[in-house]
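The values are calculated or read from the model by the stated rules, or taken from the named source; none is laboratory data. Computed from a predicted model, the values in this text were never measured in an experiment. Reconstructed Cβ throughout: ideal geometry from the backbone, glycine too, with neighbour counts over all protein chains shown. Note: areas computed on protein heavy atoms with side chains; ligands, DNA, RNA excluded. Shrake-Rupley method; radii C 1.70, N 1.55, O 1.52, S 1.80 Å.
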Amino acid sequence: MSAEPNIRTLCIDGVDISARSDQTILEAAREHNVSIPTLCHLDGLSEVGACRLCLVEVKGARRLLPACVTQVTEGMEVTTHSPKIDRYRTMILELFFAERNHVCSVCVANGACELQSLALTLGMTHVEIPYQYPQLPVDASHPRFTVDHNRCVLCTRCVRVCSEIEGANTWGVMGRGGQSLVITDLKEPWGDSETCTSCGKCVQVCPTGAIFEKTRAGSKVRKHPEFLPYLRIMREGEQV
Amino acid sequence: MSEVKTLATVWLDGCSGCHMSLLDMDERLIELSSQFQLVYSPLVDRKIFPERVDVTLVEGAVASEDDLKKIRKIREHTTVLVSLGDCALTGNVSAMRNTCGPQPVFLRVYQENADLHRQVPTVGVPALLDRVRPVHEVVPVDVYVPGCPPSADTIYQVLSETLAGRLPNLGGIAHFG
Amino acid sequence: MSRTIVIDPVTRLEGHGKITLQLDNAGIVQDATFHVTQLRGFEKFTEGRPFYEMPNITARICGICPVSHLVASSKACDAILAVRIPPVAADLRRIMNYAQLIQSHALSFFYLSSPDLLLGMDANPEERSILHVARSHPAVGADGIALRQFGQRIIEMLAGRRIHPGWTVPGGVNEPLSAEKRDQMLSMIPAALAAVERTITWFRGSMEKFAAEIEVFANFPTLFMGLVNDHGLAEYYDGSLQVIDSEGNIIAGELDPARYRDFIGEAVEPFTYMKFPYYKPLGYPGGTYRVGPLARLNLAGRCDTPLADVEWRKFRAMSPRPLLSSFHYHYARLIEILHATEKIEALLANPAILDKHVRATASVNNLEGVGVAEAPRGTLIHHYKVDENGLITWANLIIATGQNNAAMNRGILQAARHYVQGDQVAEGMLNRVEAVVRTFDPCLSCSTHAMGRMPLCIELRAPDGSLVREVRRD
């Protein structure tokens, strides 16, 4: 048995490329400077295909497929941008904005938010879907951090980093569909959590203004999740 | 030489910040003014919205019965309707009362935070809508300009384009917030 | 034949306003009301927000004076944190506060009122706008644009943006000032001083044309209130509150703004969304008071910057007692632009203004905080209550313009009685009634923590409701 991964040849946007058999379309695309928008993906964390922004067309597949969790296959023909895909991506983004209360102008992450940036990149200037205006809580019980569920997009990066990198497993998800909520421990106030180590990794990985540091509010918020792949290597002793 | 277009500006439920950003064009406003006639605006004394306006900039969300009547009339008499700023586009801060509705607002403002004659005003003032709404939920919009407020440069771009008869797309150029 | 006259909207002011006049059978105006027709509800929907978001959220109360809200709000948050902010941060906030005073007053004087003051109250309504002033009086137009721009550019250089500059934060400010920007600001001062001094000169010279208006534009005794410093001089950032009567007697001094509820009450009337603050010891409406430029110039006989002091004294020399006509708000506004410009220059001259440590940090240490500042239109108070985690449980805002509400209503009645008689409904008369409101430079978005605008028409109706005559402003 060879320890070397196999090579696959596939076509992305009309260009033939090669990739390892264990790579996803997203990884292969990035290696070849093809950009696909993402939100729940973060280098160093496992892939979940939660946000669906990375949907791509694969010839022969009946539906659009999420590039981050779809492995490359030999002879695959992938289209990453088309009018249909662009429309889907914009609609997904509109659904995010309509689902909760995203008031960019007064948000702590204004100017440093991946959701806001995506709206700019994808050219989304307004939302056609009716806004839901749910009543969602703000949990400020932790001495250093606050979670505002109005700004959460349920990307689950916080859940994954807390589980995979820190190992505390403080963050989890409860509920289904529109009732989903990220929770600390068994839906206890974050400040009462017995598992949280206050490491702040969830703050660094949160793409929006949902989880943030209290004292930083008002300052220019800059997240630094670049350390994650390194931490992963150190933890697991393997290539990412 | 392009013709002089008729321009109107209107504020609904907003803070006037978008209008201030328009004025932040400084001298460019005066330069541009040779291309338009300001026929209706908080800055001029025309009291009736004209029969036909080429371009109307609308700031603010739709929050009261008056806003509703007004925006419908404006849409009817306007060729190019521009939704200016986050309040008009998304509801923004004006829509923050939507999670509780107008009743708790009245209770706080006119009962808890008042000392004398506690009551909800109803004489000569319009009823508040149950939900504050973006402009395009009420009438079709031709141009969307994000920002809180949109920068003076962006507004200058929008004005130049619409006065020249084009419909600019601000996607990828201006962002919320 | 009794009838109702409705002026709807009031133009060339910030926000939504409508005026109703009630005339009796003899055609005499019996009652006048100023309706503010919108409400947003900041005092309620901010519940549940972390307190340190309040500056940025309350900035959206108004696009003309967001800095006022940012400053008052940040000070309320400072009180919740129980911090004493670095002195340089207080001075930087002061500079931004003065810059806003300049741009807002320039907007009010040049963009909103100069059409009346330069072209006359009876000028063709089609031409009563800043765009026409810029054409017919280009030098004045240029000065107006330049002064507003001066204030806005200072704000932009401090905060990175002109409108909703969230650089003022709980505990101080976000970024220190660089030497380059400081030098740039200083280089802009001489032109600004020259522009406002020119304006004061021609305006003072033109005041005799408005002798009739001065007599009846909200010209009556009221109390006056504002912040003063330890020397009894006008103070725009800190200080204590002082109340004087129309004779100039100090009836209450060294009032702690944090205890404002002891001496300021709010009444509600059914015809407007804007509430009526009043001075509690004298009740309502006896305790009606005015705030803003006229009040601030009445509270002190002089000021502590040289050029403005000369003008301040000339202003006060017009009467041995406080000036009571609201028309003089215009004149007072110009003097404040001059004073604010000199203040900015003085603050920038201090080398410590470049200090790097500009923010104090802490957690929730008080469950309540009050912040006060002098906004362009008058005293502004933000009052918050929070829970242990710093989430807002209650908020109260006393807005500058609101404190002039009673005086505005009385002022409209006074002017309408003078200008509206019998069957005459001349357009210039309507404009004068509106112009009374314009002297106060109301910020109606602020005052109801909301905004809006409305159309204008006057209907003369017989007692049976039939339409006798209609006058529209086009």
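How much net charge surrounds C:Cys443 when only other residues with a Cβ under 11 Å from its Cβ are counted (Lys, Arg +1; Asp, Glu -1)? It works out to a net charge of -1.
Over the whole of B:83-92, what's the average partner chain Cβ count within 10 Å per residue? Rounded to a whole number, please.
Numbers: counts 2, 0, 2, 6, 3, 1, 3, 10, 5, 5.
If you average over the peptide's residues, the count of other-chain Cβ atoms is 4.
With contacts taken as Cα pairs under 8 Å and at least 6 residues apart, chain A reaches a relative contact order of 18 percent. Backbone N atoms of segment C:112-145 closer than 14 Å to the 7 Å Cα→Cβ label point of C:Thr201 belong to residues C:140. Less than 13 Å Cβ to Cβ from C:Ala317, Lys/Arg counted +1 and Asp/Glu -1: what total charge do the surrounding residues give? Residues near C:Ala317 contribute +4 overall.
Principal semi-axes of the equivalent ellipsoid, √(5λ) from the alpha carbon gyration tensor of segment C:187-262, are 30, 23, 9 Å from largest down.
Tell me the Kirkwood hydrodynamic radius of chain B in angstroms, computed as one over the mean inverse distance between distinct C-alpha pairs. Spell out each step's value before the answer.
Working: mean 1/r = 0.0586 Å⁻¹.
Computed over Cα pairs of chain B, the Kirkwood hydrodynamic radius comes out at 17.1 Å.
Applying the Karplus relation 6.51 cos²θ - 1.76 cosθ + 1.60 with θ = phi - 60° to segment B:24-39 yields 3J(HN,Hα) values of 5, 5, 6, 5, 4, 5, 5, 4, 5, 5, 6, 9, 9, 10, 7, 9 Hz, where x marks Gly and Pro.
The distance from the alpha carbon centre of segment B:155-170 to that of segment B:48-107 is 20 Å, rounded to a whole number. For the residues of B:31-38, the average number of beta carbons from a partner chain within 10 Å of their own beta carbon is 2.
At 1.4 Å probe size, put A:Lys214, A:Lys187, B:Lys47 in order of accessible surface, largest to smallest. Mind showing how you got there, number by number?
Values: A:Lys214 35, A:Lys187 120, B:Lys47 0 Å².
Final ranking, largest accessible area leading: A:Lys187, A:Lys214, B:Lys47.
Counting only alpha carbon atoms, the long axis of helix C:179-206 and the longest principal axis of chain C meet at about 20°. Net charge of the neighbourhood of B:Pro149, taken over other residues with C-beta under 11 Å away and scored Lys/Arg +1, Asp/Glu -1, is 0.
Please sort C:261-268, C:109-116 by packing, taking for each peptide the average over its residues of neighbouring beta carbons within 10 angstrom, highest first. Spell out each step's value before the answer.
Details: C:261-268: 18.9, C:109-116: 24.0.
Answer by packing, highest mean first, reads C:109-116, C:261-268.
Considering helices alone, the calculated mean residue ellipticity of chain C at 222 nm is -12500 deg cm²/dmol, with DSSP H runs of length four and up weighted by -39500 (n - 2.57) and normalised per residue. Candidate cross-link partners of C:Lys385 among the aspartates and glutamates, defined by an alpha-carbon separation under 12 Å and a same-chain spacing of 8 or more, comprise C:Glu43, C:Glu47, C:Glu368.
Once the Cα atoms are used to define both axes, helix B:65-76 deviates from the longest principal axis of chain B by about 20 degrees.
Chains B and C together bury roughly 5800 Å² of accessible area, counting both sides, with a 1.4 Å probe on protein heavy atoms only.
Return the tail of the calculated pair distribution for segment B:129-172, meaning the percent of Cα-Cα pairs more than 14 Å apart. Walk me through the intermediate numbers first.
Working: 534 of 946 pairs.
Result: 56 percent of Cα pairs exceed 14 Å.
Please state the relative contact order of segment C:287-397 as a whole percent: Cα pairs under 8 Å, 6+ residues apart?
On the way: 108 pairs, mean separation 26.0, N = 111.
That works out to 23 percent.
Per the Debye formula on identical point scatterers at the alpha carbon atoms of segment A:167-240, with no solvent, log10 I(q)/I(0) at q = 0.23, 0.24 Å⁻¹ is -1.17, -1.19.
Amide H to amide H distances under 5 Å link B:Leu129 with B:Ser64, B:Glu65, where only residues 5 or more positions off or on other chains count and H is placed in the peptide plane. Residues whose amide H lies under 5 Å from that of C:Gly172, counting only those 5 or more places away or on a different chain, are C:Ala360; hydrogens are built 1.01 Å from N in the peptide plane.
May I ask which of C:Lys75/C:Lys280; C:Lys44/C:Lys275; B:Lys47/C:Lys18; B:Lys47/C:Lys209 have a Cα-Cα span longer than 22 Å here? With Cα atoms farther than 22 Å apart: C:Lys75/C:Lys280; B:Lys47/C:Lys209. So which residue, out of B:Ala63, B:Ala88, B:Ala114, gets the largest mean-square fluctuation from a GNM of chain B using Cα contacts under 10 Å as springs? Checking each option, the largest mean-square fluctuation is seen for B:Ala114. Taking every residue in B:125-136 and counting other chain Cβ atoms within 10 Å of its Cβ, the average works out to 4.
Taking only the alpha carbons of segment C:326-370, we obtain Rg and Dmax values of 18.0, 47 Å in that order. Considering all different alpha carbon pairs of segment A:1-61, the Kirkwood hydrodynamic radius works out to 13.0 Å. In order along segment A:133-140, the Karplus-derived 3J(HN,Hα) couplings, from 6.51 cos²θ - 1.76 cosθ + 1.60 at θ = phi - 60°, round to 6, x, 8, 10, x, 10, 10, 10 Hz, and Gly and Pro are given as x.
On C-alpha positions alone, give me the angle between the axis of helix C:87-106 and the longest principal axis of chain C, in degrees, nearest 10. Relative to chain C, helix C:87-106 is tipped by roughly 20 degrees.
Average accessible surface for the protein assembly as shown: 36 Å² per residue, computed with a 1.4 Å probe over protein heavy atoms with every protein chain in place.
For segment B:1-66, the average shadow cast by the Cα convex hull is 5.1 nm², which is a quarter of the hull's surface. Karplus-based coupling profile of segment C:265-273, in residue order and whole Hz: x, 10, 10, 10, 10, x, 9, 7, 6, with θ = phi - 60° in 6.51 cos²θ - 1.76 cosθ + 1.60 and x standing for Gly or Pro.
Determine, for each peptide in B:4-12, B:164-172, the mean count of other beta carbons within 10 angstrom over its residues, then list the peptides with the highest first.
Values: B:4-12: 22.7, B:164-172: 14.7.
Descending mean neighbour count gives B:4-12, B:164-172.
By the 4.7 Å beta carbon criterion, which cysteine residues of chain A come out unpaired? Result for chain A is A:Cys11, A:Cys54, A:Cys68, A:Cys104, A:Cys107, A:Cys113, A:Cys152, A:Cys162, A:Cys196, A:Cys199, A:Cys206, no neighbouring Cys Cβ within the cutoff. Amide H to amide H, with H built 1.01 Å from N, C:Ser246 comes under 5 Å of C:Thr222, counting only residues 5 or more places away or on other chains. For the protein assembly as shown, what % of the accessible area comes from carbon and sulfur atoms, probe 1.4 Å? C and S atoms contribute 50 percent here.
Give me the percent relative contact order of segment A:9-86, please, defined on Cα pairs under 8 angstrom at least 6 residues apart. It would help to have the intermediate numbers written out before the result.
Details: 134 pairs, mean separation 31.0, N = 78.
Computed over segment A:9-86, the figure is 40 percent.
Chain B packed on chain A takes about 1800 Å² of accessible surface away from a 1.4 Å probe, both sides summed.
Write down Rg/Rh for the protein assembly as shown, rounded to two decimals, with Rg from the C-alpha atoms and Rh from the Kirkwood relation over Cα pairs. Before the final figure, lay out the partial values.
On the way: Rg = 28.9 Å, Rh = 28.8 Å.
Here the Rg-to-Rh quotient is 1.00.
Our summary of shape: the Cα atoms of chain C have principal axis extents of 69, 49, 40 Å, ordered from largest down, in whole angstrom.
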